[in-house]
2 protein chains.
Amino acid sequence: MIQKLCIVGVGLMGGSIAKAARKRGLCWEIVGVDADPENLARALELGVIDNGFEVNAFGDFAKGAEGSDWVVIATPAGVSGRIFRDLKPVWSAEAIYTDVGSIKQSVIWAAEQTFGKVPANFVPGHPIAGAERSGVDAASEDFYLEKKVILTPTSATAPQAVRLVEDFWVSLGALVSLMEPLHHDQVFAATSHLPHVLAYALVHMLGEMDEQEEIFQYAGAGFRDFTRIASSNPQMWRDICLLNSRQIIPLLNAMGEELQQVASLMEQNSVESAENLLLYFAEARNARQRFIEQSLADLGTS
Amino acid sequence: MIQKLCIVGVGLMGGSIAKAARKRGLCWEIVGVDADPENLARALELGVIDNGFEVNAFGDFAKGAEGSDWVVIATPAGVSGRIFRDLKPVWSAEAIYTDVGSIKQSVIWAAEQTFGKVPANFVPGHPIAGAERSGVDAASEDFYLEKKVILTPTSATAPQAVRLVEDFWVSLGALVSLMEPLHHDQVFAATSHLPHVLAYALVHMLGEMDEQEEIFQYAGAGFRDFTRIASSNPQMWRDICLLNSRQIIPLLNAMGEELQQVASLMEQNSVESAENLLLYFAEARNARQRFIEQSLADLGTS
């Protein structure tokens, strides 16, 4: 059993871990660290945490983490470098550290930079869970129920630490799998980061057209669904794009080539190019059908 | 009151017009013309039409349309040339003709090619309504209730014919507006055709990656929404892309430039480029917010 669980960043993700761990009796005490004093006060008021420490110039952050035997870094992905530097003075070889960042290579690089090499007791993780709302008020004790959690240990990570973190997530009701950090970042560049950039780019372009021609008033439900992710938090997605740019940029170039291929099939206007365009769209639809069937199969097993 | 309403193509769109017109007592008799004998038999069985004529080599199509005082062409957009040629021998100056094609310039060109100039009694139209299902079984008498219908008369179209078609749609419960044919095709290239091509292109590209790396199993709800339109009918969208290629190709090129702009901001990795990337995403989110508010305002007035 965990004696003192420290949650760094008591927002939707971190707050939900605290509530879920408490509900399932995984820990004696929960300490919260947060940069936002209001959110911290709210977390205390709701009983999500037992003690709260502010991230400030007085080093209260380290005081909160000190003596914890389990630390979950649940901050936005872009600040992991600063978190590691703040944790370094109180880093304990006896404790387990894990995080919830959506990009894994950059977190691992930040740990390497701070500690010389990735600490054996740090297990990089990524719960695939999100919601429209944010902050501790949105946190829920069943937030991770049947959600996928990917752990991306490096060659330096202790297998025993990986097992403990895996058990922790399984106790919260999650479905855990392991992945190489690079492969993780490639997969999410393709299925999440690229679609977000496409949605932002499309709406950015049409937004300028709309100012002159009022095109949005004729856009329907298909457009609403397609652009939903362009309403995501711009700061969070800016950070994700910069942290994972090595994987996203090649996909943006490849996407540009795909669009050129379609444009060229449309331009040729021959019987053959018309057949090839049909084949292209049909292959795409089949690929999406495969994705949908896989999603349904996943639901069936969970 | 319409004496004999002829529906060319008794599918979801045409069948719904027939059912809606009958429910509202707009016509005495409804004649259906269809290339699919099974669908035609089903339309008769359901009482959607009173008489059915098959599109075949014996000219039954013309027999069905002959003597009708109101003809709605509700076939896929790609076949309007053939429809006009088949209708030409029985075209009546006393009747009103309209269509439901989603691209207007190509329909107008097809009419010009067949008749020398666009007939004064042909009113090009586009009801913004669609559904996952197709065929006469999916047709519904309230299908057009509070749906937008755009009419795109040319300079050759008789104002009286436009008024009659407008009244017809209003009687079915639709919200009618007028637009220039070219502007119509540009607006829908931007808000509908381009998003469809993007969704197909993304899924096409990722489908090939998935075969090697099984990336789809980690794709979530955002990806499902974003790619929903890539499950649309490939043949229908091939036809739309070819019919409106003059408007779509420049947008594909512009989209490629947008993606290059984002890639370049990600590549520069400076304080300034990071700020510009944030600004870019924030502008996009604001544009989508504008679209959503407009959609809600539209719902409020309808």
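The values are calculated or read from the model by the stated rules, or taken from the named source; none is laboratory data. Keep in mind that this is a model prediction, so the values were computed, not measured. Note that we place each Cβ from the backbone using ideal geometry, even for glycine, and neighbour counts take in every protein chain shown. Protein only, heavy atoms only, side chains kept; ligands, DNA and RNA dropped before computing areas. Shrake-Rupley method; radii C 1.70, N 1.55, O 1.52, S 1.80 Å.
Brief remarks follow.
- FRET efficiency, 1/(1 + (r/R0)^6) with R0 35 Å, evaluated for A:GLN217 and B:ALA93 via beta carbons: 0.45
- Around the amide H of A:GLY32, modelled in the peptide plane, lie the amide H atoms of A:ILE7, A:ASP50, A:ASN51, A:GLY52, A:PHE53, all under 5 Å away and 5 or more residues distant in sequence or on another chain.
- Exposure check, 1.4 Å probe, all protein chains in place: A:ASP69 carries approximately 50 Å² of accessible surface.
- Solvent-accessible area per residue for segment B:184-268 (1.4 angstrom probe, square angstrom): 34 Å²
- Teacher prompt: A:ARG163 distances to equivalent labels in other copies, 7 Å Cα→Cβ, nm: 8.6
- Along chain B, counting only GluC sites (Glu not before Pro) with a DSSP assignment other than H, G, I, E or B and at most 14 other Cβ atoms inside a 10 Å radius, the longest segment between sites is B:1-93.
- Of all DSSP beta bridges in the protein assembly as shown, antiparallel share, percent nearest 5: 10 percent
- Computed from the C-beta positions of B:ALA41 and B:GLU112, the FRET efficiency with R₀ = 45 Å rounds to 0.80.
- Cross-link pairs beyond the 19 Å C-alpha cut-off, checked among A:LYS4/A:LYS63; B:LYS4/B:LYS104; B:LYS23/B:LYS104; A:LYS104/A:LYS148: B:LYS4/B:LYS104; B:LYS23/B:LYS104
- Here segment A:2-179 has 52 percent of its accessible surface on carbon and sulfur atoms, given a 1.4 Å probe and all protein chains in place.
- DSSP-defined beta bridges in chain A - what % are antiparallel, rounded to 5: 10 percent
- Sites B:GLN294 and B:HIS183 - FRET efficiency at Förster radius 22 Å, r taken between beta-carbons, to 0.05: 0.80
- Estimated buried accessible area (total), pair A and B, 1.4 Å, Å² to nearest 100: 8000 Å²
- Once all protein chains are placed together, A:LEU242 keeps about 40 Å² accessible to a 1.4 angstrom probe.
- Computed with a 1.4 Å probe over protein heavy atoms only, the accessible surface of segment A:1-152 comes to 42 Å² per residue.
- Annotation note: chymotrypsin sites (Phe, Trp or Tyr not before Pro) in segment A:51-122 located in DSSP loop regions with a Cβ neighbour count of at most 16 within 10 Å are A:PHE58.
- Portion, in percent, of the accessible area of segment A:184-268 that falls on carbon or sulfur, probe 1.4 Å: 42 percent
- Percent RCO, i.e. relative contact order, over segment A:68-183, from Cα pairs under 8 Å lying at least 6 residues apart: 24 percent
- Modelled this way, with points 7 Å down the Cα-to-C-beta line, the labels at B:LEU145 and B:GLU272 are 5.8 nm from one another.
- Evaluating 6.51 cos²θ - 1.76 cosθ + 1.60 at θ = phi - 60° for every residue in segment A:35-50, the Karplus couplings come out as 7, 9, x, 5, 5, 5, 4, 5, 5, 5, 4, 7, x, 5, 10, 8 Hz, glycine and proline recorded as x.
- Contact order, relative form, for chain B: 15 percent (alpha carbon pairs under 8 Å, 6 or more residues apart, mean separation divided by residue count).
- Pseudo-label separations to other copies for A:GLN113 - Cα-to-Cβ vector, 7 Å, nm: 6.1
- Around B:ASN39: net Lys/Arg minus Asp/Glu count, Cβ-Cβ under 14 Å: -4
- Between the C-alpha center of segment A:74-150 and that of segment A:173-216 there is a gap of 22 Å.
- Label 7 Å beyond Cα on the Cβ vector: A:GLU29 copy-to-copy distances, nm: 9.1
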